[in-house]
1. What residue, among those in the range 603-640 that are in contact with a strand residue (DSSP E or B) (Cβ under 9 Å, 6 or more places away or on another chain) and in a helix (DSSP H, G or I), is farthest from Leu497 (Cα to Cα)?
2. Considering the range 41-80 alone, what residues qualify as being without any contact (Cβ under 8 Å) to a residue 40 or more places away in the chain, surrounded by fewer than 16 Cβ atoms within 10 Å (Cβ to Cβ) and in contact with a helix residue (DSSP H, G or I) (Cβ under 8 Å, 6 or more places away or on another chain)?
3. Which of the residues spanning the range 144-171 are touching a Cys at 6+ places or on another chain (Cβ under 7 Å) and of a type in the set (Ser, Thr, Tyr)?
4. Give me a count of the residues in the range 455-464 that are open to solvent by less than 10 Å² (accessible area, probe 1.4 Å) and assigned to a helix (DSSP H, G or I).
5. Given the conditions (1) open to solvent by less than 20 Å² (accessible area, probe 1.4 Å); (2) within 21 Å of the chain's Cα centre (by Cα), report the number of the one that Asp127 does not fulfil.
6. Please enumerate the residues belonging to the range 302-323 that are open to solvent by 10 Å² or more (accessible area, probe 1.4 Å) and modelled with pLDDT of 85 or more.
7. Having 3 or more residues that are open to solvent by less than 30 Å² (accessible area, probe 1.4 Å) is the bar; report the strands (runs of 3 or more DSSP E) wholly within the range 469-532 that clear it.
8. Tell me the residue from Glu234, Glu214, Glu203, Glu225 that is at pLDDT below 95 and not aliphatic (A, V, I, L, M), please.
Amino acid sequence: MRHVFIVGSKGIPARYGGFETFVEKLTEHAAAEDIQYHVACAVDEQPATWEFTHNGAHCFNVLRKRIGPAQAIFYDLDALKWCIAYIKQHAIRQPVVYVLACRIGPFFEAYVKQIHALGGCVLVNPDGHEWLRAKWPAPVRRYWKLSEGRMVKHADLLVCDSRTIEAYIQREYAKHAPQTAYIAYGADLERSSLADDDPAWREWLAEAGVAPGEYYLVVGRFVPENNYETMIGEFMASASQKHFVLVTGVEDGFLEQLQQRTGFQADPRIKFVGTVFDQQLLKKIRENAFAYLHGHEVGGTNPSLLEALAATRLNLLLDVGFNREVAGDAALYWTKDAGSLRACMTRAEALPEVQAAQLAEASTAVIEQRFSWPYVVRQYETLFQALTEGLEQPAPPSPDPSSPLLSLQDMHRLEKEILVAVVEYCEQHGLRYTPIGGTMLGAVRHKGFIPWDDDIDLGMPRPHYERLLASAQDFEAATGLIIQGLAGVAPQDSPLLKITRPDVLVQERRNRETTNLWIDIMPIDALPEDERQLASVYQKSYRHRLAVGFLSTKPSEGINLPRRILKTLGAPLGHSMKLRTAVSRSLNNLGKRIPYGSTPYVGILTWGLYGVGERVPLEGFEQCDTVEFEGLRLSCMACWDEYLTGIYGDYMQMPPADQQVCHNVTAWYVSKEPGEPLE
C-alpha cells in the first residue's frame, strides 16, 4: 500500500479554493486501490473528533495557531510533524509527502531529512508567484521568494500544474538542477444538477437582480493582482446593457480603495454578490453568464479559469502566458491598456452566434482533452505508485486493460498526425525543417516509414529550433501537442525536443520513464571544418549521450553485462545527484558553441548517432528539395543524397533481417472505456 500525505490545503470536504478543490477531486476520483491518502485539515477550534474519513481518505485535523498571516506557516509545520509521527507509529514504508505551496522554506530542509530517514520522499507543488502578490508588504514578499527558493532546493520533485511555472522553476533555480514534473490542474465537465426552475437558482437570480445570459461574471480572490480595478473601470466605461457580477469575498480595505478609484458604487450594473459555496449553484451561475472575465496575472493554471472554460459560453481573458497556455484559441484576449477590455466586450457582444458557439465548443474541448479530473488523477496515481525510496523517476505504469495496445500501424498513423501539425505550424511561421536519419531514409527508399521503424525524426537549423522553443506556448495552443525535452529535463536544457501527444503513452523496454507518443526535433548546428576538431567534438557528444543514457535507462538494463551492472549500481546515485539535467544542458550547450552559419559545414551534433558522417555542406543544407513521406510532400535539405551516403553508405540496400529492428516500445491510449474502439 502506498501512503500519500497531503499538507498545505485547508482540507476536505472542500468549500472553495484551488488546493482544497484539488484534494477533493483527487480523493473523489481515486481509482487506485493501493493508494491511501492522508489529508491535513485546518480547524480553528478543538473539533469533536481529530480524525475522520472523507472520500476514502484518512483526514486529520490540525489546530491552527491564531497568529495572523503566519498561521499558515505554522499550520503546515504542525501538519508535517503529525505526518512524521504517524509514519513512525505505523512503520509506514516509502511514504510520499506532498506539500502544496512554498510557505515553509526556511524550515523545510530539516523536515525533508526526517522524511528521508524514514524512507520517504517529499514532493512540492510550487503554486504561483506568491511573492508577486500586491496584498503582501515588501518584507513578506521577500520571505515568500526566499521560501520558494529553499523549497525548490530541497524538494525531491516539483509538481507544476502550469508549464509556464515549470519553465520558471527550471530557469530561476537552474543552480539547484530541480527535478520537475508537469501535471495539470483539473476541472469538471458535468453540467449543474440544478434545473432552470430550481428554487436555489431562482432565488440567486432575484437577489443578484440579473437575468440568465445577461451578465458578465468574475469568480476569484479579491486581490489587486486579479485586476479588479481594470475590469471594473473598463466595464463602467463601456456602453454594455448587461450587468457585471463579481462572485468574491470582499476585503473592506481593498473595496474602499476600489470605490475611491472607480466610483463603481454609483453604477447599478455592478453587482458584488459575495462568495457562493454551493458548487452546483456556482456551476449554474457560470453556465448562464454571457461571458466570463478573467484578470488573473499571477499564478499557474487557475482553477476558476478551467471551470469557466468548461461551463461558460464566452471567455474574455487577460493576455498573459498562464492564460494563453491554458485556453489557446478558445477565448478572446485583452490587455491592461486603456480601452482594450472595453473593445473586447464590444466585440463579444457583436459576435455572430455561430462564432460564439465555436468558441464555446473549443473551450469545452480544451478541458476534455487536457484538464479533466479523471485524466489528472490518473497521472497523479501513476506518479505516486512509482515513487520509491529517495527520489526516483516514475516507473513505467502497465497499460490499463481497458486501453488496447497500439499496433505499429496505429503508431505510424498517430505519428503522421503529429508530423502534419508540426509541418503546418512550421510553414505558417517560416520555420525550416528537414527529415533526418531513418525518416529521411524511409522517405527516399520507401516513400514513408521504414516498415519496422517506429518513430519520426526532423532536424531544424539552430536559429529556427530556438524560435520554435521560444514560441512553445503558441505552438501548444495552436496544435494541442506538447513540447518536451528528454524525460525529466526541461526543453530549454534538452539536447533535442520531443513533440508529444498527451493522449498516448509509450514505454521503451530499457527506459525508466513512460513518455507520451512523440516525434523528435533535433537542432542542426555549425560544425568545425578541421577534421581533428570535428572528431573531438563528436567524441564529446558521444560521452555526453552515454552519460544521459546511463542516467535514463532502467537499472539492470543495458546492451551487455558490464553496462547492466554499472547501471544497477550507479543509476540511483546519478539520480540523487540530479546529474541528468546538468549533463543534458552541457550537451545542448556543446551544439551552440559555434554560431550557426559561421563555418561551411553543419550537422546533427547534440544527438548525432552517426558521428562525423552527419556532416554536410552548409550550402547544400540551406538549399531545399522535397521528398514524399506517407503521401505528404515534405521540405528537405537539397544534399539529402550526400547526407544519406555519409551515414548509411549504400542506403538503397536493405539490411539483413536480423537488423530490421525497432525501439521495442509498447504504446497505449491514456484512457479508454472498456470495449471502446481506437480512434
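The values are calculated or read from the model by the stated rules, or taken from the named source; none is laboratory data. Just so it is clear, the structure is predicted and the values come from calculations on it, not from any experiment. Here the Cβ is made from the backbone with ideal geometry for all residues, glycine too, and neighbour counts use every protein chain on show. Surface accessibility is based on the protein's heavy atoms, side chains included, excluding ligands, DNA and RNA. Shrake-Rupley method; radii C 1.70, N 1.55, O 1.52, S 1.80 Å.
1. Initial filter on the range 603-640 (in contact with a strand residue (DSSP E or B) (Cβ under 9 Å, 6 or more places away or on another chain)): 603-608, 610, 612-618, 620-629, 633-640.
Still in the running and in a helix (DSSP H, G or I): 612-614, 618, 620-622, 640.
Details: Val612: 22, Gly613: 22, Glu614: 18, Leu618: 22, Gly620: 24, Phe621: 21, Glu622: 21, Trp640: 22 Å.
The residue in question is Gly620.
2. Answer for the range 41-80, where residues must be without any contact (Cβ under 8 Å) to a residue 40 or more places away in the chain, surrounded by fewer than 16 Cβ atoms within 10 Å (Cβ to Cβ) and in contact with a helix residue (DSSP H, G or I) (Cβ under 8 Å, 6 or more places away or on another chain): Gly56, Leu63, Lys65, Ile67.
3. Within the range 144-171, Ser147 is the sole residue that qualifies.
4. Residues flagged as open to solvent by less than 10 Å² (accessible area, probe 1.4 Å) and assigned to a helix (DSSP H, G or I) within the range 455-464 amount to 0.
5. If we test Asp127 against (1) open to solvent by less than 20 Å² (accessible area, probe 1.4 Å); (2) within 21 Å of the chain's Cα centre (by Cα), just (1) comes out false.
6. Glu307, Ala310, Ala311, Arg313, Asp319 - these are the residues of the range 302-323 that are open to solvent by 10 Å² or more (accessible area, probe 1.4 Å) and modelled with pLDDT of 85 or more.
7. 497-508, 515-527
8. Unique residue meeting the criteria: Glu225.
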